[in-house]
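The values are calculated or read from the model by the stated rules, or taken from the named source; none is laboratory data. This is a predicted model, so every value here is computed, not measured. So basically every Cβ, Gly included, is an ideal-geometry build from the backbone, and we count neighbours across all protein chains shown.
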DNA sequence: TTGTATGCGTTATCAT
DNA sequence: ATGATAACGCATACAA
């Protein structure tokens, strides 16, 4: 009587493989196989196991499983911040693809400091993830040592380099900067305002712009630096400061769409018409870009694909599948809409 | 010679506690203590251990540690979607607070289906998380059984109920609906358009509005349902459809700020003035709400605090600390700005 | 197709 | 303050 009810009710300790095995009249390892590799187990046996699992309320212990198999089915993802419109689609895409492949995502925030990133990665490594996604290509040497030593697949995202740690999927920020500058110059603009955040990748786009600017004469530009995170509010403030200087700008180039939209709001609130009085261009092609007034001219990057591909590369490599190209430039597109 | 280099170079297998112990001339358990509870170990011994850790490049294995100690230092977080402006600040807050407390975050996406959520939670449980954060209060009975059986602390967020699974931090969507309706009615509006997404919590706010509407006479309202996710683009489309019906609306109530901003853009693009010709109110007080043209009238919820508190409640309960109140209504504020 | 023996790397428990 | 021993729950390697 007592035992019968104990078997159904919550036991002191959660049921293990052994409990299931006992209930099914099999050995633990057979139960393990029935659960993990049902193809190599007789269907009848699998059925018996499933029944026993149901009966016991068994839930596998992946800590134990991972320890024994040396595969955790865990992917660590490190981003500068989660609540950032730029990265969030990529994160979602990673999560989705990983779920399809039966991995779980360990998500961590590194801020924009390589030291913090290194700390985070070193503790992350103690989870024995099967792979890791890192944002950007600028890491501390300590981090590189750690990660390389862990000997797990790595994907760096959101940037490009000929010398990635392992795999990489991103695009060239400098080329985007070049494209931005050429486009605006092509529109005849000469007096620029630049609204910019201080992160590494934005700096690269900035450099790309300046490199093109340097080949032209007669143009002027004014920098306005805003702190992270890049919000619409910060864009408005920066634009306000720029306009308060009393200078004239024919065009404002922003390091992100949020900043750009903020700049547009500020310009409009002062009665300036966009793009007639001042043109504004952003970066990111965030979801709102196409439906603002005027719609935002910007640079589109397939943020979703970055995540989907990163997860795929990782899972493929972990599972020993052939990985076609391990360094992927997904490129970008300048989308001309109404604002510039 | 060979051994000397082997010790420094990457060994076939990563160093274990035993390797560190050998290098330090101590027993593994002492090394474990020096690392986890340095206070109960002689300072000199701790120093020796740290040196040995450095030397060997030891990285703890939390799979093994978690298995032995039955504490994984893992918190599972389940949200309907990651790339959703509503949840993302909460997620970031959870992550930040958890990092402070030395936990890692396992983040999963459930969509808006209770069945999917149940599946996800049951696989998540196999990681033996020390606690779990669930979005909302509507879960399948299967999920409830699983979670309760796992006997781990649970926090439900973003909603309110007198009967949570365990702990809860949220607010009343119905009351927000009430407040929304009263505010608009107070402004003298009589002809409403409602732009709404089909998720559970939005439905509650909708109900809250209708309950108040029911107590008034002479008002009319038209529903416009939009699919998830709630984007600015969807808001524009819905507003366009509403306006194309040829009816007149004095006010539009939207289930989110993004939808509201979309509605505003659409109205403005048709030459309608907001709020003079049509008032618009949203929900969420997303970061852009205060700086749009006109600034958005909306309902503010402390999304950050929800996350921070959820993580704190969980960590406290896990660590046996006293938990003051395990059901927290963080309330909301209707913020009147320019759009309504 | 199923089972046996063993080890994964750590911590709990009890001892000294 | 430190150590010896025995789990923790599962999968690998090999055997039958």
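Quick look at the numbers
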{"item": "Checking residue A:261 against (1) within 18 Å of residue A:190 (Cα to Cα); (2) within 11 Å of another protein chain (Cβ to nearest Cβ), the condition it does not meet", "result": "(1)"}
{"item": "Residue that is farthest from the other protein chains (Cβ to nearest Cβ), among those in region A:264-275 that are assigned to a loop (DSSP other than H, G, I, E, B) and within 21 Å of residue A:181 (Cβ to Cβ)", "result": "A:275"}
{"item": "Residue list for region B:304-326, filter: out of contact with any helix residue (DSSP H, G or I) (no Cβ under 9 Å at 6 or more places or on another chain) and buried (at least 16 other Cβ atoms within 10 Å of the Cβ)", "result": "B:313, B:316, B:317, B:318"}
{"item": "Test: residue B:286 is outside any strand (DSSP E or B), more than 10 Å from chain A (Cβ to nearest Cβ) and out of contact with any strand residue (DSSP E or B) (no Cβ under 6 Å at 6 or more places or on another chain)", "result": "no"}
{"item": "Breaking point among (1) modelled with pLDDT under 95; (2) within 16 Å of DNA strand D (Cβ to nearest atom); (3) under 37 Å from the mean Cα position of the chain (by Cα), for residue B:70", "result": "(1)"}
{"item": "Conditions (1) within 11 Å of DNA strand D (Cβ to nearest atom); (2) surrounded by 22 or more Cβ atoms within 10 Å (Cβ to Cβ); (3) not in a helix (DSSP H, G or I); number of the one not met by residue A:75", "result": "(1)"}
{"item": "Residue B:151, sole failed condition from (1) out of contact with any helix residue (DSSP H, G or I) (no Cβ under 6 Å at 6 or more places or on another chain); (2) more than 16 Å from DNA strand C (Cβ to nearest atom); (3) at negative phi", "result": "(3)"}
{"item": "Residue within region A:234-251 that is under 22 Å from residue A:331 (Cβ atoms) and either in contact (Cβ under 8 Å) with a residue 40 or more places away in the chain or at the interface with chain B (Cβ under 9 Å from one of its Cβ atoms) (or both) present", "result": "no"}
{"item": "Selection from region A:163-191 of residues that are without any contact (Cβ under 8 Å) to a residue 40 or more places away in the chain and within 12 Å of residue A:327 (Cβ to Cβ)", "result": "A:163, A:165"}
{"item": "Candidate set: region B:35-56, residues that are within 12 Å of DNA strand C (Cβ to nearest atom) and within 14 Å of chain A (Cβ to nearest Cβ); chosen: the one surrounded by the fewest Cβ atoms within 10 Å (Cβ to Cβ)", "result": "B:36"}
{"item": "Which numbered condition residue B:333 fails, given (1) more than 22 Å from residue A:85 (Cβ to Cβ); (2) touching a helix residue (DSSP H, G or I) at 6+ places or on another chain (Cβ under 8 Å)", "result": "(2)"}
{"item": "Among the residues listed as B:52, B:24, the single one being in contact (Cβ under 8 Å) with a residue 24 or more places away in the chain, near DNA strand D (Cβ under 9 Å from one of its atoms) and touching a helix residue (DSSP H, G or I) at 6+ places or on another chain (Cβ under 9 Å)", "result": "B:24"}
{"item": "Any chance residue A:194 is part of a helix (DSSP H, G or I) and away from chain B (no Cβ under 14 Å)", "result": "no"}
{"item": "Condition check for residue A:68: at the interface with chain B (Cβ under 10 Å from one of its Cβ atoms), within 12 Å of DNA strand C (Cβ to nearest atom) and either surrounded by fewer than 21 Cβ atoms within 10 Å (Cβ to Cβ) or in contact (Cβ under 8 Å) with a residue 60 or more places away in the chain (or both)", "result": "yes"}
{"item": "Residue match in region B:216-224 (condition: assigned by TED's automatic domain parsing to the domain that holds residue B:262 and within 24 Å of residue A:292 (Cα to Cα))", "result": "yes"}
{"item": "Test: residue B:219 is at pLDDT 95 or above, surrounded by fewer than 23 Cβ atoms within 10 Å (Cβ to Cβ), more than 14 Å from chain A (Cβ to nearest Cβ) and over 23 Å from residue B:113 (Cβ atoms)", "result": "yes"}
{"item": "Residue in region A:78-90 that is more than 7 Å from every other protein chain (Cβ to nearest Cβ), assigned to a strand (DSSP E or B) and either buried (at least 21 other Cβ atoms within 10 Å of the Cβ) or modelled with pLDDT of 95 or more (or both) present", "result": "yes"}
{"item": "Meets criteria (away from DNA strand C (no atom under 16 Å from the Cβ), at pLDDT 95 or above, at the interface with chain B (Cβ under 9 Å from one of its Cβ atoms) and farther than 30 Å from residue A:289 by Cα) for residue A:59", "result": "yes"}
{"item": "Selected residue (criterion: modelled with the lowest pLDDT) from residues of region B:1-34 that are more than 14 Å from DNA strand C (Cβ to nearest atom) and outside any helix (DSSP H, G or I)", "result": "B:1"}
{"item": "Residue count, region B:222-233 (criterion: assigned to a loop (DSSP other than H, G, I, E, B) and within 12 Å of another protein chain (Cβ to nearest Cβ))", "result": "3"}
